[in-house]
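Visitor: The following block contains the structure, expressed as structure tokens.
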Amino acid sequence: MLTKRFFKTKQEAEVTFEFNISDVKKVQLVAEFNDWQPIDMKFNKKDKVYRTKVRLPKDKDFHFRYLINEDKWENDHHADAYIQNSFGSDNSVVNTFQV
């Protein structure tokens, strides 16, 4: 799930990435906004989700995916869009356009 918070005084948005999965040891956010370097997501025991927050420039699209246990790729089922990648699968897309 994606949650976005926009700032009146800054040209950026805070995007919260959440991935709900059980019985895994590690979930990482892998995205173009940081040159596809994995970001470890923290597990929230109360909500039973993996979560991380990132500040991104406003008015752009960003491709991303989740890496599960360092060997399985997953998309966000609540992404703003999907686009085919060069590996024959799709990337999730988050946009930071304020509606």
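Visitor: With Asp40, Asp59, Asp35 as the choices, which residue is over 22 Å from Phe6 (Cα atoms), out of contact with any strand residue (DSSP E or B) (no Cβ under 8 Å at 6 or more places or on another chain) and acidic (Asp, Glu)?
Guide: Result: Asp35 is the single residue among Asp40, Asp59, Asp35 that is over 22 Å from Phe6 (Cα atoms), out of contact with any strand residue (DSSP E or B) (no Cβ under 8 Å at 6 or more places or on another chain) and acidic (Asp, Glu).
Visitor: So, one more: Take the stretch 70-96 and flag every residue that is among the small types (Gly, Ala, Ser) and part of a loop (DSSP other than H, G, I, E, B).
Guide: Ala79, Ser86, Gly88, Ser89
Visitor: Quick one: what pairs do we get from the stretch 3-25, first residue in contact (Cβ under 8 Å) with a residue 60 or more places away in the chain and closer than 21 Å to Asp47 by Cβ, second in a loop (DSSP other than H, G, I, E, B) and of a type in the set (Ser, Thr, Tyr), C-beta under 9 Å, 6+ apart or different chains?
Guide: Within 9 Å, the pairs are Lys4/Thr96; Val15/Thr96.
Visitor: Next question. Restricting to the stretch 50-90, name every residue that is surrounded by 16 or more Cβ atoms within 10 Å (Cβ to Cβ) and either of a type in the set (Phe, Trp, Tyr) or without any contact (Cβ under 8 Å) to a residue 40 or more places away in the chain (or both).
Guide: The answer is Tyr50, Arg51, Thr52, Phe62, His63, Phe64, Arg65, Tyr66, Asn75, Asp90.
Values in this text are rule-based calculations from the coordinates and carry no lab data. These figures come from a predicted structure and were not determined experimentally. With ideal geometry, Cβ positions are generated from the backbone for all residues, glycine too; neighbour counts draw on all protein chains shown.
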